[in-house]
Ligand SMILES: Cc1cc2nc3c(=O)[nH]c(=O)nc-3n(C[C@H](O)[C@H](O)[C@H](O)COP(=O)(O)OP(=O)(O)OC[C@H]3O[C@@H](n4cnc5c(N)ncnc54)[C@H](O)[C@@H]3O)c2cc1C
């Protein structure tokens, strides 16, 4: 029998590569190796419905072992790929075995960044990436007298919302001067600041955490101004580190992620990569790192095609979402580099969209509880169509009309 195509990492991107290979007509051997003990599962609910108790762990599973077996996809769980021998096209596995491959997909994702400060390893200090982390945080929230969240990004804010829903006092520490600073305009940051403040969260902007206090478990958070805030659960949400070491040690080009082109090809023609572990080279030469379900799926499709020597570039506009309390934020496009914004709808109703323009062209839209705007925005961006600034802000103007 010929050597299999092997996928390293059994999650969102890895599953997509496997299923797209089958959809593209590949009927040869196919093996997915993941170091977690679960079949592929979705992570977004880990900081949302699973934490608030509105969902359950079994509903996270994307595909169970039976379904994968029916598609003739061999799933190996609880095993790490420790090294790639590219010359011999063999992988060294943590259980002592070695595995030959004819083509290789790296979908190793990322891991939560830890805080490089004293006390970061104390019990009661947690990050969120896996089912086990989410379980730990849910139990921690239930028992906590007060919760501290370090990082005012999406994951931190979703956890803050879940802890408030459980009735716990919550303080969020953000080093920058606004929330969601990496992804949104100040207008959107201000909206989320007001949302959390009105829900009872104590948001500390421009506040760096310098140490976590406690002897045998965490008891508080110390900030640059020398104050210590009491907390018996500290959740750190300060971003991820892409798992690119496996590729790097094998001599595959990496630069803050495994460098891929728009077809998910790496510097080795036999190796593709997809999802959070990648940094995509854009037409202007810049590297783009996206951490989203859509990116994992689209790059996974491209990677499968590339393994079969087909080019399927990922060109769709990026999109993402976040749920906090009764607010759903949906983002389309990338707002970095915008020169003006216009708001459609009324923020006080918690239903509005922010349209981002650069040189009179639409580049991104953030929608709050306005799914139809989000859908229209994705279609407009994918089609390269732009409303005028005035049209975007005019609720009487139908955006869908631009797509006819
Ligand atoms: C709490 C949370 C909330 C999120 N919310 C959203 C959201 O609302 N919307 C959105 O679009 N995205 C969200 N994301 C991001 C989204 O989940 C990720 O972008 C997506 O999971 C990326 O998929 P992936 O397969 O690339 O990586 P991962 O899901 O990280 O999977 C990689 C897998 O590879 C395994 N692995 C790594 N190295 C090895 C090795 N050497 N050998 C074997 N296995 C290995 C890892 O353990 C892991 O199981 C969220 C993420 C988290 C953590």
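Key figures
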{"quantity": "Test: residue in segment 390-399 that is surrounded by fewer than 14 Cβ atoms within 10 Å (Cβ to Cβ) and touching a helix residue (DSSP H, G or I) at 6+ places or on another chain (Cβ under 8 Å)", "calculated": "no"}
{"quantity": "Number of the exception - residue 146 against (1) in contact (Cβ under 8 Å) with a residue 24 or more places away in the chain; (2) out of contact with any helix residue (DSSP H, G or I) (no Cβ under 7 Å at 6 or more places or on another chain); (3) within 21 Å of residue 327 (Cα to Cα)", "calculated": "(3)"}
{"quantity": "Scan of segment 302-311 for residues that are within 14 Å of residue 280 (Cβ to Cβ) and either part of a loop (DSSP other than H, G, I, E, B) or touching a residue at least 60 places away in the same chain (Cβ under 8 Å) (or both), ordered by number", "calculated": "303"}
{"quantity": "Lone qualifier among 260, 293 - being within 22 Å of residue 87 (Cα to Cα), modelled with pLDDT of 95 or more and within 16 Å of the ligand (Cβ to nearest atom)", "calculated": "260"}
{"quantity": "Selection count, segment 44-61, where residues are assigned to a helix (DSSP H, G or I) and either closer than 24 Å to residue 152 by Cβ or within 11 Å of the ligand (Cβ to nearest atom) (or both)", "calculated": "9"}
{"quantity": "Top-ranked residue in segment 159-168 [being buried (at least 18 other Cβ atoms within 10 Å of the Cβ) and outside any loop (DSSP other than H, G, I, E, B); ranked as nearest to the ligand (Cβ to nearest atom)]", "calculated": "159"}
{"quantity": "From the options 140, 156, 152, residue that is within 16 Å of the ligand (Cβ to nearest atom), touching a residue at least 60 places away in the same chain (Cβ under 8 Å), in contact with a strand residue (DSSP E or B) (Cβ under 7 Å, 6 or more places away or on another chain) and over 13 Å from residue 231 (Cβ atoms)", "calculated": "156"}
{"quantity": "Test result for residue 396, under 25 Å from the mean Cα position of the chain (by Cα) and in a loop (DSSP other than H, G, I, E, B)", "calculated": "no"}
{"quantity": "All positions within segment 153-184 that are out of contact with any helix residue (DSSP H, G or I) (no Cβ under 7 Å at 6 or more places or on another chain) and closer than 23 Å to residue 54 by Cβ", "calculated": "153, 154, 156, 161, 164, 167, 169"}
{"quantity": "Hits in segment 6-43 - residues which are in a helix (DSSP H, G or I) and more than 11 Å from the ligand (Cβ to nearest atom)", "calculated": "18, 19, 20, 21, 22, 23"}
{"quantity": "Per-region count, segment 233-251, residues more than 20 Å from the chain's Cα centre (by Cα), within 14 Å of the ligand (Cβ to nearest atom) and surrounded by fewer than 21 Cβ atoms within 10 Å (Cβ to Cβ)", "calculated": "3"}
{"quantity": "Residue check for residue 3: away from the ligand (no atom under 15 Å from the Cβ) and closer than 27 Å to residue 133 by Cβ", "calculated": "no"}
{"quantity": "Exclusive hit being modelled with pLDDT of 95 or more, away from the ligand (no atom under 16 Å from the Cβ), part of a loop (DSSP other than H, G, I, E, B) and surrounded by fewer than 22 Cβ atoms within 10 Å (Cβ to Cβ), set 122, 128, 67", "calculated": "122"}
{"quantity": "Failed criterion for residue 378 (all others in (1) in contact (Cβ under 8 Å) with a residue 24 or more places away in the chain; (2) over 23 Å from residue 153 (Cβ atoms); (3) part of a helix (DSSP H, G or I); (4) in contact with a strand residue (DSSP E or B) (Cβ under 8 Å, 6 or more places away or on another chain) hold)", "calculated": "(2)"}
{"quantity": "Residue 198 vs. criteria within 16 Å of the ligand (Cβ to nearest atom) and either under 19 Å from residue 325 (Cα atoms) or touching a residue at least 24 places away in the same chain (Cβ under 8 Å) (or both)", "calculated": "no"}
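The values are calculated or read from the model by the stated rules, or taken from the named source; none is laboratory data. For clarity, every value in this text was computed on a predicted model and none was experimentally measured. Note that each Cβ is placed from the backbone with ideal geometry, even for glycine, and that neighbours are counted across all protein chains shown.
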